[in-house]
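Enquirer: Below is one structure. I have some questions about it.
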Amino acid sequence: MSKSEFLGCYIDKNEDNSNKFLKTPIFSYIFSHYCYTCSTLFSQDERSDHIDHKYSESLNRKQLQQPCRHILQPLENKRSNAQFFFSQTFIDYLINKIIIKDSWDSIICIGCSTIFENLRCHKSEKKFHYIYLIMIIEIQRNLILFNPYFLEKWIIDAFPNLKMLDHKIEYTSISSLNLCRGKKGSPVRMFTDICRSKFPPLDDINYKYCFECNRYTLLTNQHCFQCQSCTSKDGLPYKHCSLCQRCVKAERIHCNTCN
Ligand SMILES: [Zn+2]
Ligand SMILES: [Zn+2]
Ligand SMILES: [Zn+2]
Ligand SMILES: [Zn+2]
């Protein structure tokens, strides 16, 4: 790693903080203090600028390499700030079962700082190039987006190549996305243009392999031979409505008056 490597992509909509992060070379350990008031790393020489602020000093290498885990705190307004603190179980799954196994040599993490810092510390033979906020044109790339299943229509309109997976993406309890977690578990799914058969199940209990769809789906998601797909979106049972010619939630009854 060279000194020009940056501290990932932390985006703060309200202030100019993300810029400070992006410009901070963390591998030069001169910047070993972190100010929570200014959201910035600073050196011993700059101490006088932060005298009345809340800060941590003399951070070690490990803390600096995993700031989401050891330094940064989630913003207080959980609902208005999307904070992507993926659960460690999901981070391990994504890195070990998807990223390491595939033949990628570059990874762009946008808004996925917990994945980024785990990847960077991963003891793999593979050395990735990390690219930040660069427009990449005409190179072969794959995409994984994390969004709730109910945004599927908008996502597919914008990215017609993407397909939704059934895997329920869990977040840590401090994450704002954990708040949308209902009885059905996390509503967040992966949308990807990678072949869906390459995604093993997240666990051995809740998923089954559908040989018609060639992918793992939730156990409760039944394959519909009319739609030629496992049609459930939220994981709950769906049934085919022959009048609508599509699958709908199992409890729905077709209304002939309003269709
Ligand atoms: Zn400060
Ligand atoms: Zn199926
Ligand atoms: Zn159907
Ligand atoms: Zn119907």
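Enquirer: Mind ranking 156, 95 by accessible surface for me, highest first, 1.4 Å probe?
Expert: From most exposed to least exposed: 156, 95.
Enquirer: Using 7 Å Cα-to-Cβ label points, what is the residue 251/residue 46 separation (nm, one decimal)?
Expert: In this crude spin-label approximation the distance works out to 5.4 nm.
Enquirer: Just to check I understand the Karplus step: with θ = phi - 60° and J = 6.51 cos²θ - 1.76 cosθ + 1.60, what whole-Hz values come out for region 50-67, glycine and proline as x?
Expert: Ordered by residue, 3J(HN,Hα) equals 10, 4, 9, 8, 8, 8, 10, 10, 6, 6, 8, 4, 4, 5, 6, 6, 10, x Hz.
Enquirer: Probe 1.4 Å, all protein chains in place: accessible area of residue 50 in Å², nearest 10?
Expert: 20 Å²
Enquirer: Compare 48, 39 by solvent-accessible area with a 1.4 Å probe and give them largest first, with all protein chains kept in place.
Expert: 48, 39
The values are calculated or read from the model by the stated rules, or taken from the named source; none is laboratory data. All values reported here derive from a predicted model rather than from experimental measurement. Backbone-built Cβ (ideal geometry, glycine too); neighbour counts: all protein chains shown. With ligands, DNA and RNA removed, areas are computed over all heavy atoms of the protein, side chains included. Shrake-Rupley method; radii C 1.70, N 1.55, O 1.52, S 1.80 Å.
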